[in-house]
Amino acid sequence: MTYHDDASSNPSSMLDRLPGQERVVPRRTVQSRIVATLLAAAWPPILLTFPIWPPHHLWAGLDTDWRLVLLAVGLIASPIGIARLAGAKRPNNAPWTRRAVIARYVIYGGILAACLQFLMTLVLSIIAGLSGESFVQGLGAIEAVVLVYGVIGIPLALMVGVSYALWGGVCVAYLAYRKADKLGY
């Protein structure tokens with residue numbers, strides 16, 4: 001039995017052949033960033049549900065449709081993410097890969113979703129605690145809010161946030177970044 005050192009037996013060379021490994025640099029045009037921002041915010045599951053279930057409360061405070069809130073967060077977070085990634089320090093100013101852009105979007109999107117859900121749980125529990133007629137009734141309202149929005153809501157928010165960020169990362173990686181030249185520019 002002989003040992004062959006070819007590409008099929010080397011796991012690192014198999015990873016190098018996966019899609020998204022080419023080096024990329026940010027596009028400098030404003031149009032590409034605008035298109036990437038709009039498409040990153042336009043997550044298909046949200047847009048496809050609007051004709052089926054139209055929102056009943058557009059901007060009514062706590063009763064606002066969660067899909068509209070999610071679109072607003074996407075429209076705010078996408079350009080911030082594009083600008084932060086374009087200005088991020090890289091070792092030796094080396095260009096990134098498309099997979100690295102997508103991975104950063106997914107990681108930071110999950111963190112953003114968890115933080116926003118935690119913040120919403122905190123605000124709603126304060127409102128529920130203050131709206132109780134007695135101290136014990138306020139504690140019961142706080143318990144219910146923390147159970148529903150914290151214990152159940154944070155994992156759901158993470159799932160939605162990570163999948164939304166995955167969509168946004170793919171849009172940004174392919175629209176706001178271009179393949180790097182041989183020199184990396």
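Listed values, structure above:
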{"quantity": "Of the criteria (1) in contact with a Ser or Thr (Cβ under 8 Å, 6 or more places away or on another chain); (2) modelled with pLDDT of 90 or more, which one Arg23 fails", "calculated": "(2)"}
{"quantity": "When residues of region 166-182 are limited to those that are basic (Lys, Arg) and either within 13 Å of Ala103 (Cβ to Cβ) or in a strand (DSSP E or B) (or both), the one farthest from the chain's Cα centre (by Cα)", "calculated": "Lys179"}
{"quantity": "Whichever residue in region 21-47 is of a type in the set (Gly, Ala, Ser) and more than 19 Å from Arg98 (Cβ to Cβ) and, among such residues, is surrounded by the fewest Cβ atoms within 10 Å (Cβ to Cβ)", "calculated": "Ala42"}
{"quantity": "Some residue of region 82-89 being in contact with a Ser or Thr (Cβ under 9 Å, 6 or more places away or on another chain), under 30 Å from Glu22 (Cα atoms) and in a helix (DSSP H, G or I)", "calculated": "yes"}
{"quantity": "Qualifying residue in region 147-161 (condition: part of a helix (DSSP H, G or I) and closer than 22 Å to Gly20 by Cβ)", "calculated": "yes"}
{"quantity": "Whichever residue in region 21-53 is of a type outside the set (Lys, Arg), assigned to a loop (DSSP other than H, G, I, E, B) and touching a Leu at 6+ places or on another chain (Cβ under 9 Å) and, among such residues, is nearest to Pro79 (Cα to Cα)", "calculated": "Ala42"}
{"quantity": "Filter pass, Leu70 being at pLDDT 85 or above, outside any loop (DSSP other than H, G, I, E, B) and closer than 22 Å to Leu116 by Cβ", "calculated": "yes"}
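Yes or no, residue by residue, for (1) over 26 Å from Pro45 (Cβ atoms); (2) among the polar types (S, T, N, Q):
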position	(1), (2)
Thr97	yes, yes
Val106	no, no
Gly129	yes, no
Gln137	yes, yes
Glu143	yes, no
Gly153	no, no
Met159	no, no
Ala180	yes, no
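The values are calculated or read from the model by the stated rules, or taken from the named source; none is laboratory data. This structure is a prediction, so every number in the text was calculated from the model and none was measured. Neighbour counts are summed over all protein chains in view; Cβ atoms, including those assigned to glycine, are modelled from backbone coordinates with ideal geometry.
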